[in-house]
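Worksheet: the structure to be examined is printed underneath.
The values are calculated or read from the model by the stated rules, or taken from the named source; none is laboratory data. All of these numbers come straight from a predicted model, not from anything done at the bench. Here the Cβ is made from the backbone with ideal geometry for all residues, glycine too, and neighbour counts use every protein chain on show.
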Amino acid sequence: MTGFIILATFVGIVIVAFASVVQKRLADSVVFLMGVGLGNVVLFFLFKAPDVALTEAVIGAGIGTFIFLIALKHLGEQA
Amino acid sequence: MNIKRDIPTATLSGFALSAVLVLTLITILLQYLPLSQQRVGDALLVLNEKEGVANVVTTVVVYFRGFDTLGEIAVLFIASLGVGLMLQPNTECRLKAESNFMLQTASTLLFPLILLFGIYVMVYGHLSPGGGFQGGVIIASGVLLLLISHKNFEVPHTVIVAFETVAGVSYVLIGFMGLLLLDTFLGNFIPHDIANMGMLLSGGVIPLIYIIVGIKVGSEMSGIVQNLMQRSDDV
Amino acid sequence: MFEFLNQPEVIKTIVTLGAMSLFFVGLFGLLTRKHIVKVFISIAIMESAIFLLFIGLSFNREKVAPIIDATQTQVATMNDPIPQAMILTAIVIGMAVLALGVSFAIEYYKLTGKTEIDTMNEMRF
């Protein structure tokens with residue numbers, strides 16, 4: 001079952017990353033990037049690396065999103 | 001967006017062709033992957049039984065590659081310094097509107113818990129998943145919560161400078177004390193009993209260094225967040 | 001039903017192909033998007049592909065996480081700690097450097113009012 005979950009999560013991450021790249025509104029793009037980070041957390045946990053999973057969870061959910069949203073606040077919304 | 005209109009067909013087909021080529025090459029290479037290969041960390045895993053703590057990743061980050069970690073927090077310091085130098089801060093209030101009453105109360109209530117969790121992750125980094133890097137970023141997230149909910153909240157600049165200076169200097173001092181006492185930089189000079197590995201005070205110098213790394217990462221990340229938040233809207 | 005996916009070769013193939021596809025998605029965004037924030041997002045995606053490749057190739061399904069406790073005392077049955085230690089620091093450093101890039105972009109926008117990367121031609125002859 002581990003292999004199937006890994007495969008499914010990878011497919012999801014690639015789809016979400018492509019959606020994040022081709023999205024027209026930048027705020028949607030940032031939210032999809034958070035989805036990539038969430039999938040990364042699941043994969044790191046499955047790969048028996050709990051330290052890295054904790055780091056990615058903290059960084060991806062908190063600081064990373066904040067940095068991109070601050071950039072959007074200054075640079076404007078539209079791509 | 002319209003993919004067909006925005007991107008030329010030649011670009012798309014070039015991308016697809018190169019992706020297919022690389023994927024085919026890697027699939028062919030993976031057919032000959034040796035299964036019982038010698039791993040990089042085997043020697044360090046064995047060495048961890050003689051001198052180390054329960055979390056092997058912590059031992060590798062702080063003890064076996066401690067000098068490397070010193071360089072990495074130096075990179076982090078330079079990034080924080082660059083953010084502070086680039087952005088023009090504004091000492092007046094940045095947020096135009098006062099945030100919600102419930103948000104203010106809840107964030108005041110939650111901040112000590114977040115701080116406590118960050119300190120827990122930092123202090124128990126040698127026994128359970130976690131450590132200085134994660135704990136520092138958790139503390140910075142708590143500071144971020146207060147920054148976006150309170151209009152006039154600000155971590156004083158001198159506090160950030162003091163924490164960061166003390167942490168950086170004590171990292172180097174501990175390294176030189178190991179060099180003085182045991183002839184290795186960052187040597188484990190505090191007596192540590194390997195028999196009770198898994199207790200809180202069993203790691204010697206390793207938890208101490210990870211707490212120092214946590215303080216440094218926390219103050220640097222708080223500085224980055226605060227500088228980004230305080231960028232003035234005019235100019 | 002999906003037991004054949006649990007073999008080590010198949011897992012390594014999934015990890016490599018998935019990380020390569022993620023890297024190519026990021027590269028696609030980096031080369032075709034114009035807005036500077038989109039470029040940073042693409043760089044973040046490429047970074048996460050590299051992290052997944054490092055951790056995934058050192059992963060063995062029969063072995064446990066590299067933490068010694070009361071039930072796991074044998075180091076021979078543990079995963080490789082070196083890639084995890086490298087990636088652990090690389091994630092934090094990557095985000096800090098991304099913040100530096102974002103602050104450059106903000107200051108550049110305040111000076112010139114440009115966000116599209118093909119109009120940033122002050123240094124071009």
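Below is a table of values for the structure above.
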{"quantity": "Test: B:Phe153 is at pLDDT below 90 and more than 19 Å from A:Ile63 (Cβ to Cβ)", "calculated": "no"}
{"quantity": "Residue within region A:29-46 that is touching a helix residue (DSSP H, G or I) at 6+ places or on another chain (Cβ under 6 Å), touching a residue at least 12 places away in the same chain (Cβ under 8 Å), β-branched (Val, Ile, Thr) and more than 24 Å from B:Val83 (Cβ to Cβ) present", "calculated": "yes"}
{"quantity": "Selection status of A:Gly3, modelled with pLDDT under 90, out of contact with any helix residue (DSSP H, G or I) (no Cβ under 6 Å at 6 or more places or on another chain) and within 7 Å of chain C (Cβ to nearest Cβ)", "calculated": "no"}
{"quantity": "Count of region C:34-62 residues which are outside any helix (DSSP H, G or I) and either β-branched (Val, Ile, Thr) or facing chain A (nearest Cβ under 7 Å) (or both)", "calculated": "3"}
{"quantity": "Answer from A:Thr9, A:Thr65 - the residue that is facing chain C (nearest Cβ under 9 Å) and of a type outside the set (A, V, I, L, M, F, W, C)", "calculated": "A:Thr9"}
{"quantity": "Per-region count, region B:47-71, residues in a helix (DSSP H, G or I), hydrophobic (A, V, I, L, M, F, W, C) and facing another protein chain (nearest Cβ under 8 Å)", "calculated": "4"}
{"quantity": "Those residues of region C:1-25 which are more than 7 Å from every other protein chain (Cβ to nearest Cβ) and in a helix (DSSP H, G or I), in sequence order", "calculated": "C:Glu3, C:Phe4, C:Val15, C:Ala19, C:Phe23"}
{"quantity": "Those residues of region C:78-107 which are touching a residue at least 60 places away in the same chain (Cβ under 8 Å) and more than 8 Å from chain B (Cβ to nearest Cβ), in sequence order", "calculated": "C:Gly101, C:Ala105"}
{"quantity": "Residues of region C:108-125 that turn out to be without any contact (Cβ under 8 Å) to a residue 24 or more places away in the chain, away from chain B (no Cβ under 12 Å) and not in a loop (DSSP other than H, G, I, E, B), as a count", "calculated": "2"}
{"quantity": "Selected residue [among the hydrophobic types (A, V, I, L, M, F, W, C) and touching a helix residue (DSSP H, G or I) at 6+ places or on another chain (Cβ under 7 Å)] from B:Leu113, B:Leu145, B:Leu127", "calculated": "B:Leu145"}
{"quantity": "Residue match in region A:32-39 (condition: more than 20 Å from C:Met86 (Cα to Cα), surrounded by 23 or more Cβ atoms within 10 Å (Cβ to Cβ), facing chain C (nearest Cβ under 7 Å) and modelled with pLDDT of 90 or more)", "calculated": "yes"}
{"quantity": "Test: residue in region A:68-79 that is modelled with pLDDT of 90 or more, in a helix (DSSP H, G or I) and β-branched (Val, Ile, Thr)", "calculated": "no"}
{"quantity": "Residues being out of contact with any Leu (no Cβ under 6 Å at 6 or more places or on another chain) and buried (at least 16 other Cβ atoms within 10 Å of the Cβ) - total across region B:178-197", "calculated": "6"}
{"quantity": "Residues (of a type outside the set (A, V, I, L, M, F, W, C), over 30 Å from B:Val46 (Cβ atoms) and surrounded by fewer than 23 Cβ atoms within 10 Å (Cβ to Cβ)) located in region C:72-116", "calculated": "C:Gly94, C:Gly101, C:Glu107, C:Tyr108, C:Tyr109, C:Lys110, C:Thr112, C:Gly113, C:Lys114, C:Thr115, C:Glu116"}
